[in-house]
Amino acid sequence: MYPPARLPLFVTSVALVMLAAACNPIPTPEATLTPIPASSTPAPIQTPSLTQTPLPPTPTSTVTPLAASVKVQINVRRGPGIEFAALGLLPAGMALELTGRNEAGTWFQVAYASGEGGKGWVSAAYVQADGAANLPVLDASGLPLSSGPTGLPATLTPTLTPASADNDSVSAPAISVKFSPLTSRQFTYTSDISAPQGDAEDWLAFTPYASLADSPARLSFSIACEGNGSLEVELWQNGAPTAGWGSLACGDRNKPIELKAGVRYTLELRAASGEGLGYISYTLIIRNGP
């Protein structure tokens, strides 16, 4: 047991300490809030705008026709080649206006009123022209491939050679056709003749028909020619020339002729004699109408 004199002093000291703590509390640290900076608004993205630059206009060229002349009688054709249909016949010496040429320089496009778009084609071998190398180069339909020049070969000089003999005759024609409304109403024949050298004549036989009994046969004849010679045509029947039938010549197109139906006729196509070699290449078309 403690001495009674010391107990009050201990209690007093504890009480004083507790009283001081109550009167002077330990300060609680305050949190300091750091403001968050406001988010910045990003600058708008600039979308580049497309600026359309107009295309320059397609250049057009004006073709100045080139004056020329025909050396010998020739055909005007729909395109640059003998496989194209003939549009007409040009006599030797006729003036022409050239508006283009094919890539090989072997055919010229010419101004021709009866052709498609007022144009036609002629063989360069039979045309006299200076400066043709500067003509526009065209395709078969007349569209430009280039504006020229592209090195056109020298002007071609046609080499005429005698036509080869085919040994036909009035009694043994080269072809014999019997027209019929069901099987054959037209035939086309292409050949060549020449004089005084070569095969001078061709013989072609045909028998026309008529739709009505005792009616004449109605036919149409077309002949397209090329070359420097002259063509003569004669109609034969029963081994002798026929009188009063009419006539045919190079350049005729759909010429109507009436003949007796059911009779066999023979056409003689002959090269006329002249100075030097006369050569003719021709295409004959005969149609038997109803």
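Numbers for the structure displayed
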{"item": "Selection status of T283, touching a Lys or Arg at 6+ places or on another chain (Cβ under 9 Å) and β-branched (V, I, T)", "result": "no"}
{"item": "Residue list for region 242-279, filter: farther than 28 Å from A213 by Cβ and either free of Cβ contacts under 8 Å to residues at least 24 places away in the same chain or acidic (D, E) (or both)", "result": "S247, D252, E268, E275, G276"}
{"item": "Members of region 223-268 found to be farther than 20 Å from I193 by Cα, of a type in the set (A, V, I, L, M) and part of a strand (DSSP E or B), listed by number", "result": "A240, I257, L259"}
{"item": "A261 being over 19 Å from F187 (Cβ atoms) and not basic (K, R)", "result": "no"}
{"item": "Number of the exception - N254 against (1) modelled with pLDDT under 95; (2) buried (at least 19 other Cβ atoms within 10 Å of the Cβ)", "result": "(2)"}
{"item": "Failed item in (1) in contact with an Asp or Glu (Cβ under 9 Å, 6 or more places away or on another chain); (2) loosely packed, with under 14 Cβ neighbours inside 10 Å; (3) at pLDDT 85 or above, with S123 passing the rest", "result": "(2)"}
{"item": "Those residues of region 77-115 which are acidic (D, E) and surrounded by 13 or more Cβ atoms within 10 Å (Cβ to Cβ), in sequence order", "result": "E97, E103"}
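The values are calculated or read from the model by the stated rules, or taken from the named source; none is laboratory data. The model shown is predicted, which means the values in this text are computed figures rather than measured ones. A quick note on method: Cβ atoms are made from the backbone with ideal geometry, for glycine too, and the neighbour counts reach across all protein chains shown.
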